[in-house]
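Dumping the structure here so I can ask a few things about it.
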Amino acid sequence: MTVTAQSVQAATRKVAVFFFTWVVAAVGLASAAPQGTRIPVSIVEGRLVVRCDVSTRFRRLPVNLFVDFEETCGLQLHNQAAAGLRSERSDGTAFPITVHLPNLELTVERREIGDDEALDHFTRWNSIALGEVSVVGTIGSKLLKDYHTIFDLDAGFIELSPPRAAEEEPLDPPQGTTRLDISIINDLVWLPARFDGGNTAAMVLGSGAFDTTVDSYLAEDLDRPAGDIGSVELGDVDLSKFVHLRPREVDYLHPDGALGVIGLNFLEHFRVEVDRVNGYVLLEAMRAPRKVEGDLRYFEAMVDEDADALAAFLEAYPDHRLALEASQLLVTLRLIEEVSPEEIAPALAWVDRACPEDLRATSALEQMKLCGAFGLPNHLIAAGELGLEGGRDDRYPDAVHEIHARLGEVHLELDEEKEAWRHLLAAAFGLPDDGTINLNLGRLYERQERYRRAFSRYIQAAIRPDSGPQGVEGLSRVSELLPGGERLSVELVERMIAGKVRNFGAASQFEANETNSGERVVLVEFFTNSFLGNGSRGAIGGGLAHEGLVGHFPPENVAFLSYHLPTPQPDPLICEMGEIVAERLNIEGPWVYAIDGTRRATGAGKWSDAEGIYEGVRGQVMQRLQESSEYEMQLEGRIEDGQLQGELFVRGPERSRTNVQVVLAEKHVLFPGKSEIVVHRMLARAPLTGEALGIEWDPTDGEMRVPFDISLASVREENERYIDEVCADSGAIVRKLSMDVNPEQACLVAFVRSRSTGAVLQAIQVDPEVILAEEIEEERP
Amino acid sequence: MILLSCSALAFGLTAVSPESSGPLPAVVSADLTFKPYKEWDILLPNEQFAGVAEGIRLPHAGGDSLPVRLEGTVLWVDRDGDGKCESKVEPLERGKTALLVLRVPAEGQEQDKSYAVRLSSEGKWTYSASGAMVGEVEGTRVQLIDQNNNGRFDDIGQDAMIVGRGKSASFLSEVASIDGKLFSISVDESGQRIEYAPYSGPVGILDLGSEMESKARMRSVVVTSEDGKRSFEVSRYNEGLSVPAGKYSVHSGRVVLGKSKADLRQGRSEWIEVQEGERTALAWGGPVEAEFTYARSGGEITIGPRDIWYYGRSGEEYSNFMPLGSSPNFAIKDKQTGEVLVNAKFPGNC
């Protein structure tokens, strides 16, 4: 939907809406007739989780969902799950989603968006407890409000049943239960509470967190910032006998004051029956009061941010459920204190001890990252070494290789070559295609003057987006140092990376004959960018097709130019001419082929789309080849001592609003970007007429000569200037790689283009004569 | 540590209270130290990310900024001002940031100074401050944040500050409310020292609590004075807050209900004039009015999520509703019969 206020038929309308309707708005519900059912639930890492299926009319998926009684949502769902269910079409149409619980189905008209990152992290850390089924979302109060709800967590169930009939007279609560009159605001259930010797407030009944919380501001006002505010009475139940309250900001509003949120640690002790129709909650104690020792001590240390108190807590309660949280906080505080590597070691050891046995390496990676963020390499090494000890048993096998990789890199920075080599080699064993690992091994071997090994590693690095530019630079340095080495050339790199990167070769070569072509040379202009997408989709699809097209059509029939545009991120192959031509031809972005200026084909897609893109462009070229041209062109050039000179000759009919252009291109240019296209073909470098769109076709007796004379150094300077300008405007950074025009790769493309339509009327592509330095030397008397 | 100072008012405190008369109150100073934040959960009135192309701005003994270098998709940062980019930051997923703690030699000081940034690679590499100068004023915790990312902490009306243990910041203000009392304050460039003295100008009460209608909680409400030099975060003051007399506007804020949230900004709301000795209450919040535009093309009507605006009672504007997916219902009715022809909602990701 793209309407703006400026639309011709746009009109403004006002509607009165209830305040924050949108914040709390319910998804449209269409629940099936409620059937009472006991639903098995489990508490995983402090969250209440239910195993169920979700479905649309297209698909059904087994999932885990959080049950958050205090969350003002219907069904929040991870984007990937929503995509898997095909619950939305691109035009915005939503399809109902059904949550299949045992004997109960809940249907929502549409999902709400979940916190994907948090859901992914939770699944990663708790995959075993979750039965290797992802948590993909949350069921909230908008769904649960229509049910009589019983939390029976002591038995491992929640129970949902149809709403009860309204009671004419309030019934006496069953013996052994406490009845609390509730208030319902925003579909949330609030329990009346008395605290601090008689003050009253309300607590939200929640199930979205383990700890029962108290508003941190209130706790601070009571001079009890750690949350130990004394007794909190819910009827005759003193909540403080069951749990220590955790101080936290309470993001809810109640007219009597929001005291806090009931958590799972309280619900574990009680059977809690919520009757919204009759406005009460019944609490039945299922366990004797028993507060977990140590909670308060941790909350005190946490609030005070007292590292020593945290360490003491961990000493006293090494197996406490909060030990991991406490030890992670301890590491952070110690890093802030800038303690020595020896002093950080105990804190790191606590984290290692507190995390699950099969996540020690995964956990160590997080600590290494934190130490790295503080710029403390020796601390990072200490964290990594701990992770390696438990690495073999880690749930995620790559974690240990990633630790080796990071350790190797840091040791290399510290000039500890032996250690660096040991770790990098171990990392490469597990992750042989990783660019950074290979790059660092290349650097290490280069330092040790083991150039052949370095070259081999740099090749691996050069084809990965994270290490490509440095890999190419490494290759450039090392290739000439190899015994019997040759200067780095595109051909050499292409040879070396063959089979390691995706490529696309045409099955056959175009053979011109009288029926399929005439005098016309078609110009194929390809607009792309090295950072569009990744190695799977984006520029890769168009780039591979380009490789196939250049290989298929000989230059006698088809001339090629590729322009790198500065979006989504400028790369060093951009030139100003590309941007201007794209604007002139109304090219939407770096994903377009223009065939003879006026025909279009898609220039991006999945890598597997390459053949389709190739065929699409090829088909249009074939049609165009059969159209005649009124223009004849001759083009010649010579590069000598870094200077390109030459002349274009054009003969054709006089026609207004027509331009002539000559472009310097490079046949192959190395630059590994995110698209994982490493070798870029027929890259436009500079307009040799001095004008991005060419100069006026101004023939004398039907003929026109366009001489050109330009130094290759000036081409680089101009392109650098443009990159600097783009970077200044956009705040982007470009690593200036492959900026020099290699004379041996130089190519000249000329064409005549209608300024009115953008149509290319004739084109030509030739290689200039190149006089190499040694030949110049020989020619000298 | 708190130091008593009877010296002339440093950092221009005299300029802060032109209304004051009689003997100048004693100026007290307090030291602040830098604290990096691993998880950034502070609500800023005007959070901004700066591009790294010119480096990370941080005045130090070796220059005004720290250089960065891009290698492939990886950013390298000079974290200590030695000219060598030694700290590596991998590209990040959308919406994620990476903490980097910087330590640079401080001009004229033996000890290095610390600073921290959150780096983002969304679109291009950018950064935002990820720490605060922390200290105590009159026994109350105070945090100063380099909100405009220039490596300084003394930009009144541009940087940010938090008084108390909360997470919601106002702009750095010439006058701060500390434990219910007003103080004129001044900060040095490095943020290592704050000087303060009781505010002695005319005072009134700004009441944004008593006539606020909402089912949700105000997590943050930042007001600023007409000249931008005074700013207060008033979300916790339901009974009103003493502020220097003058004109104020609601600048920004956040409304929360559990994990749901929405941002608020001035929108069309008018200036609020606080008179000396008087209480000024603002009737704001609900009911909210929504305004929208639509376009008709033949038999098709188009409404975009960006073509709808929500305004509160005083004209304040609400936006950025999260989580997404809770759409208003659009009903298209027959003009004559009132019959609903079509009901429409935005898709779940709008």
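The values are calculated or read from the model by the stated rules, or taken from the named source; none is laboratory data. Keep in mind it's a predicted model, so treat the numbers as computed, not measured. Methodologically, a virtual Cβ is constructed for each residue, glycine included, from the backbone with ideal geometry; neighbour enumeration extends over all protein chains shown.
Considering only segment A:285-299, how many residues are out of contact with any helix residue (DSSP H, G or I) (no Cβ under 6 Å at 6 or more places or on another chain) and surrounded by 19 or more Cβ atoms within 10 Å (Cβ to Cβ)? Explain how you work it out, then say what you get.
Here is the first cut: in segment A:285-299, the ones out of contact with any helix residue (DSSP H, G or I) (no Cβ under 6 Å at 6 or more places or on another chain) are A:285-288, A:290-296, A:299.
This time we only want the ones that are surrounded by 19 or more Cβ atoms within 10 Å (Cβ to Cβ), so: A:294-295, A:299.
Residues that pass the stated criteria total 3.
Wholly within segment A:254-302, which strands (runs of 3 or more DSSP E) include no fewer than the required count, namely at least 1 residues that are over 42 Å from the mean Cα position of the chain (by Cα)? Reasoning before the result, please.
On the way: elements: A:258-262, A:270-275, A:280-285.
Once the strands (runs of 3 or more DSSP E) in segment A:254-302 are filtered for at least 1 residues that are over 42 Å from the mean Cα position of the chain (by Cα), what remains is A:270-275, A:280-285.
Return the total of residues in segment B:59-81 being assigned to a loop (DSSP other than H, G, I, E, B) and modelled with pLDDT under 90.
First, the residues of segment B:59-81 that are assigned to a loop (DSSP other than H, G, I, E, B): B:61-62, B:67, B:72-73, B:78-81.
Adding the requirement that they be modelled with pLDDT under 90 leaves B:61-62, B:72-73.
Total meeting the criteria: 4.
Sticking with this structure for a sec: If I go through segment B:65-87 residue by residue, how many of them are facing chain A (nearest Cβ under 10 Å) and within 20 Å of A:Q569 (Cα to Cα)?
9
Still on this structure, I have one more. I need the strands (runs of 3 or more DSSP E) fully contained in segment A:553-615, keeping only those with at least 1 residues that are surrounded by fewer than 24 Cβ atoms within 10 Å (Cβ to Cβ) and polar (S, T, N, Q). Write out each step before concluding.
Values: elements: A:558-564, A:592-595, A:599-602.
Of the strands (runs of 3 or more DSSP E) lying wholly inside segment A:553-615, those with at least 1 residues that are surrounded by fewer than 24 Cβ atoms within 10 Å (Cβ to Cβ) and polar (S, T, N, Q) span A:599-602.
Sticking with this one: Going residue by residue through segment A:428-443, is there one that turns out to be over 23 Å from the mean Cα position of the chain (by Cα) and of a type in the set (V, I, T)?
no
Also, quick follow-up: Which condition number does A:D740 fail, the rest of (1) touching a strand residue (DSSP E or B) at 6+ places or on another chain (Cβ under 9 Å); (2) surrounded by fewer than 18 Cβ atoms within 10 Å (Cβ to Cβ) being met?
Among (1) touching a strand residue (DSSP E or B) at 6+ places or on another chain (Cβ under 9 Å); (2) surrounded by fewer than 18 Cβ atoms within 10 Å (Cβ to Cβ), A:D740 violates only (1).
Tell me whether segment A:682-703 contains one or more residues that are hydrophobic (A, V, I, L, M, F, W, C), within 28 Å of the chain's Cα centre (by Cα) and surrounded by fewer than 24 Cβ atoms within 10 Å (Cβ to Cβ). Talk me through it step by step, then tell me what you get.
Looking only at segment A:682-703, we keep the residues that are hydrophobic (A, V, I, L, M, F, W, C), and these are A:682-684, A:686, A:688, A:692-693, A:695, A:697.
Checking the rest, the ones that are also within 28 Å of the chain's Cα centre (by Cα) come to none.
No, every residue in segment A:682-703 fails to be hydrophobic (A, V, I, L, M, F, W, C), within 28 Å of the chain's Cα centre (by Cα) and surrounded by fewer than 24 Cβ atoms within 10 Å (Cβ to Cβ).
Out of (1) more than 13 Å from the chain's Cα centre (by Cα); (2) surrounded by fewer than 22 Cβ atoms within 10 Å (Cβ to Cβ); (3) at pLDDT below 95, the odd one out for B:P202 is which?
Going through (1) more than 13 Å from the chain's Cα centre (by Cα); (2) surrounded by fewer than 22 Cβ atoms within 10 Å (Cβ to Cβ); (3) at pLDDT below 95 one by one, B:P202 breaks only (3).
Right, next: What number of residues within segment A:629-643 satisfy the criterion of being in a strand (DSSP E or B) and surrounded by 19 or more Cβ atoms within 10 Å (Cβ to Cβ)?
Quick first cut of segment A:629-643, residues in a strand (DSSP E or B) only: A:632-640, A:643.
Narrowing further to those that are surrounded by 19 or more Cβ atoms within 10 Å (Cβ to Cβ): A:633, A:635, A:637, A:639.
Residues flagged as in a strand (DSSP E or B) and surrounded by 19 or more Cβ atoms within 10 Å (Cβ to Cβ) within segment A:629-643 amount to 4.
A further question on this structure: State whether the residues of segment A:711-734 include one that is in a strand (DSSP E or B), closer than 20 Å to A:A594 by Cβ, more than 14 Å from every other protein chain (Cβ to nearest Cβ) and modelled with pLDDT of 90 or more.
In the first step, residues of segment A:711-734 are kept if they are in a strand (DSSP E or B); the result is A:711.
In the following step, the residues that additionally are closer than 20 Å to A:A594 by Cβ were identified as none.
Taking every residue of segment A:711-734 in turn, none turns out to be in a strand (DSSP E or B), closer than 20 Å to A:A594 by Cβ, more than 14 Å from every other protein chain (Cβ to nearest Cβ) and modelled with pLDDT of 90 or more.
Any residue in segment A:206-219 that's of a type in the set (A, V, I, L, M) and at pLDDT 95 or above: show its pairings with residues that are surrounded by fewer than 24 Cβ atoms within 10 Å (Cβ to Cβ) and in a helix (DSSP H, G or I) at Cβ separation under 8 Å, as long as the two are six or more apart or on different chains.
Note: pairs meeting the criteria are A:A209/A:L264.
Step by step: first the residues of segment A:732-762, then only those that are over 36 Å from the mean Cα position of the chain (by Cα) and of a type in the set (A, V, I, L, M), then the one that is farthest from A:G642 (Cα to Cα). Which residue is that?
Applying the filter and picking the extreme gives A:A759.
Then there's this: Only one of B:D112, B:D154, B:D146 is within 20 Å of the chain's Cα centre (by Cα) and without any contact (Cβ under 8 Å) to a residue 60 or more places away in the chain; which? Walk me through how you get there before you give the answer.
Working: B:D112 fails: within 20 Å of the chain's Cα centre (by Cα); B:D154 fails: without any contact (Cβ under 8 Å) to a residue 60 or more places away in the chain.
On inspection, the qualifying residue turns out to be B:D146.
Checking A:V472 against (1) without any contact (Cβ under 8 Å) to a residue 60 or more places away in the chain; (2) within 14 Å of chain B (Cβ to nearest Cβ), which single condition isn't satisfied?
All conditions pass for A:V472, except number (1).
Any residue at all in segment A:534-541 that's out of contact with any Asp or Glu (no Cβ under 7 Å at 6 or more places or on another chain), among the small types (G, A, S) and assigned to a loop (DSSP other than H, G, I, E, B)?
Yes; the residues of segment A:534-541 include at least one that is out of contact with any Asp or Glu (no Cβ under 7 Å at 6 or more places or on another chain), among the small types (G, A, S) and assigned to a loop (DSSP other than H, G, I, E, B).
Taking the conditions exactly as written (modelled with pLDDT of 95 or more and within 28 Å of the chain's Cα centre (by Cα)), does A:L412 satisfy them or not? Can you show your working first?
Details: modelled with pLDDT of 95 or more: yes; within 28 Å of the chain's Cα centre (by Cα): no.
Here the answer is no, as A:L412 does not meet what is asked.
Output the residues belonging to segment A:243-253 that are within 14 Å of chain B (Cβ to nearest Cβ), surrounded by 23 or more Cβ atoms within 10 Å (Cβ to Cβ) and not in a strand (DSSP E or B).
A:V250, A:Y252 - these are the residues of segment A:243-253 that are within 14 Å of chain B (Cβ to nearest Cβ), surrounded by 23 or more Cβ atoms within 10 Å (Cβ to Cβ) and not in a strand (DSSP E or B).
Need at least 1 residues that are free of Cβ contacts under 8 Å to residues at least 60 places away in the same chain, farther than 27 Å from A:I182 by Cα and of a type in the set (D, E) per element, so show me which strands (runs of 3 or more DSSP E) inside segment A:38-157 make the cut, counting only ones lying wholly within it.
Values: elements: A:47-55, A:60-67, A:75-77, A:97-101, A:104-108, A:135-139, A:148-152.
Here the list reads A:47-55.
Could we say that A:L424 is outside any loop (DSSP other than H, G, I, E, B), farther than 28 Å from A:H680 by Cα, within 14 Å of chain B (Cβ to nearest Cβ) and out of contact with any strand residue (DSSP E or B) (no Cβ under 8 Å at 6 or more places or on another chain) here?
Numbers: outside any loop (DSSP other than H, G, I, E, B): yes; farther than 28 Å from A:H680 by Cα: yes; within 14 Å of chain B (Cβ to nearest Cβ): no; out of contact with any strand residue (DSSP E or B) (no Cβ under 8 Å at 6 or more places or on another chain): yes.
Criteria not met by A:L424.
Looking at segment A:501-534, which of its residues are small (G, A, S) and more than 19 Å from A:R599 (Cβ to Cβ)?
Pass one, segment A:501-534, residues small (G, A, S): A:505-508, A:512, A:517-518, A:530, A:533.
A:G505, A:A506, A:A507, A:S508, A:A512, A:S530, A:G533 - these are the residues of segment A:501-534 that are small (G, A, S) and more than 19 Å from A:R599 (Cβ to Cβ).
A further question on this structure: Take the residues in segment A:101-119 that are more than 9 Å from every other protein chain (Cβ to nearest Cβ) and surrounded by fewer than 16 Cβ atoms within 10 Å (Cβ to Cβ); name whichever of them is farthest from the chain's Cα centre (by Cα).
A:N103
Residue-by-condition table, conditions (1) within 12 Å of chain A (Cβ to nearest Cβ); (2) among the β-branched types (V, I, T); (3) in a strand (DSSP E or B); (4) touching a His at 6+ places or on another chain (Cβ under 6 Å):
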| site | (1), (2), (3), (4) |
| --- | --- |
| B:G253 | no, no, yes, no |
| B:A262 | yes, no, yes, no |
| B:R268 | no, no, no, no |
| B:T280 | no, yes, yes, no |
| B:Y294 | yes, no, yes, no |
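Give me the pairs: first residue in segment A:438-460 and acidic (D, E), second residue in a helix (DSSP H, G or I) and surrounded by fewer than 23 Cβ atoms within 10 Å (Cβ to Cβ), beta-carbon distance under 8 Å, and six or more apart or on different chains, which are they?
Sorted first by the residue in segment A:438-460, then by its partner, the pairs are A:E446/A:R477.
Looking only at segment A:644-662, how many residues end up being over 49 Å from the mean Cα position of the chain (by Cα), surrounded by fewer than 16 Cβ atoms within 10 Å (Cβ to Cβ) and part of a loop (DSSP other than H, G, I, E, B)?
4
Sticking with this structure for a sec: For segment A:190-242, enumerate the residues that are under 22 Å from B:G166 (Cβ atoms), in a strand (DSSP E or B) and aliphatic (A, V, I, L, M).
Those that are under 22 Å from B:G166 (Cβ atoms), in a strand (DSSP E or B) and aliphatic (A, V, I, L, M): A:A201, A:A202, A:M203, A:V204, A:V214.
Restrict the check to segment A:460-468 and report whether at least one residue is exposed (fewer than 14 other Cβ atoms within 10 Å of the Cβ), of a type in the set (D, E, K, R) and part of a loop (DSSP other than H, G, I, E, B).
The initial filter retains those residues of segment A:460-468 that are exposed (fewer than 14 other Cβ atoms within 10 Å of the Cβ), namely none.
Within segment A:460-468, not a single residue is exposed (fewer than 14 other Cβ atoms within 10 Å of the Cβ), of a type in the set (D, E, K, R) and part of a loop (DSSP other than H, G, I, E, B).
Now a separate question. With the requirement that a residue be hydrophobic (A, V, I, L, M, F, W, C) and in a helix (DSSP H, G or I), what does segment A:313-330 give you?
First pass over segment A:313-330, keeping only residues hydrophobic (A, V, I, L, M, F, W, C): A:313-314, A:316, A:322-324, A:326, A:329-330.
Of everything in segment A:313-330, those that are hydrophobic (A, V, I, L, M, F, W, C) and in a helix (DSSP H, G or I) turn out to be A:F313, A:L314, A:A316, A:A323, A:L324, A:A326, A:L329, A:L330.
For segment A:57-84, name all the residues that are away from every other protein chain (no Cβ under 12 Å) and surrounded by fewer than 19 Cβ atoms within 10 Å (Cβ to Cβ).
Start the filter on segment A:57-84 by keeping residues that are away from every other protein chain (no Cβ under 12 Å), which leaves A:57-65, A:67, A:80, A:84.
Those that are away from every other protein chain (no Cβ under 12 Å) and surrounded by fewer than 19 Cβ atoms within 10 Å (Cβ to Cβ): A:R57, A:F58, A:R59, A:R60, A:L61, A:P62, A:Q80, A:G84.
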